[in-house]
Amino acid sequence: MKCILAKKIEMSQVYRPDGTVIPVTLVQAGPCVVTQVKTQDKDGYVAVQLGFLNAKRLNKPMEGHLKDLPKLKIVREFRLPSAGELKKGDVLEAAIFEPGETIEVTGRSKGKGFQGVVKRHGFHGQPASHGHKDQLRMPGSIGAGGVQRVFKGLRMAGRMGDENVTVKNLNVVEVRDGGILAIKGAIPGGRNGIIAIQTVK
């Protein structure tokens, strides 16, 4: 299984020879440094830890963890069936991916702030007439009177977005020079957001 960290650049288009247009997201994938390889015997599970983007300074625990390695800003871990021949200090580039490969992308979605039930949960709101006033986007009843409490998980207004979102079954359209990947479709987050890419298990 292949994995890499990337930075979202922007959305664009790719034209096929037959004239069809494919919407793509361009990302700067890698170079990523393998900072640790976890094994079943030592750690209880198999994973590889990757570091991405150079950092100006590190705190003391991270300095010790990245001893003999470059200063890295982002460190993420990927669970794998097996680590293969990867070892600490190896560098992963975008070239490990090939056009046509199916991948899944995890990113941090854009934060929307405190939103009401219409935007957050798709409620239809209230009718504009028949005795209603100033209630167009209100949630309505939040439960029966006899229960005397509000059930947990009831959909209400609240903070929306700014959470980890994984989009599956995306395709790599192009692998360009300079570590640029063109991925079909949209991926979570804004520009310059950090995303994790891995092939489908």
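Residues that are of a type in the set (Gly, Ala, Ser) and in contact with a strand residue (DSSP E or B) (Cβ under 6 Å, 6 or more places away or on another chain) were ranked within region 150-185; the one that is surrounded by the fewest Cβ atoms within 10 Å (Cβ to Cβ) is GLY185. Selection of region 104-155 for residues being among the aromatic types (Phe, Trp, Tyr) and part of a loop (DSSP other than H, G, I, E, B) yields PHE123, PHE151. Of the residues making up region 13-49, those that are in a strand (DSSP E or B), touching a Ser or Thr at 6+ places or on another chain (Cβ under 8 Å) and either of a type in the set (A, V, I, L, M, F, W, C) or farther than 21 Å from THR106 by Cβ (or both) number 2. Residues considered: LYS87, LYS112, LYS67, LYS60. Of these, the only one that is in the same structural domain as ALA6 (by TED's automatic domain parsing), of a type outside the set (Gly, Ala, Ser) and more than 29 Å from GLU174 (Cβ to Cβ) is LYS112.
Within region 71-87, if we keep just the residues that are of a type outside the set (A, V, I, L, M) and modelled with pLDDT of 90 or more, the residue that is farthest from ALA196 (Cα to Cα) turns out to be LYS71. Of the residues in region 109-119, not one is under 27 Å from GLN36 (Cβ atoms), in contact (Cβ under 8 Å) with a residue 60 or more places away in the chain and surrounded by 15 or more Cβ atoms within 10 Å (Cβ to Cβ). The residues of region 43-66 that are at pLDDT 90 or above and either among the basic types (Lys, Arg) or within 19 Å of the chain's Cα centre (by Cα) (or both), listed by number, are ALA47, VAL48, GLN49, LEU50, GLY51, PHE52, LYS56, ARG57, LYS60.
The values are calculated or read from the model by the stated rules, or taken from the named source; none is laboratory data. Note that the structure is predicted; figures quoted are calculated from it, not measured. With ideal geometry, Cβ positions are generated from the backbone for all residues, glycine too; neighbour counts draw on all protein chains shown.
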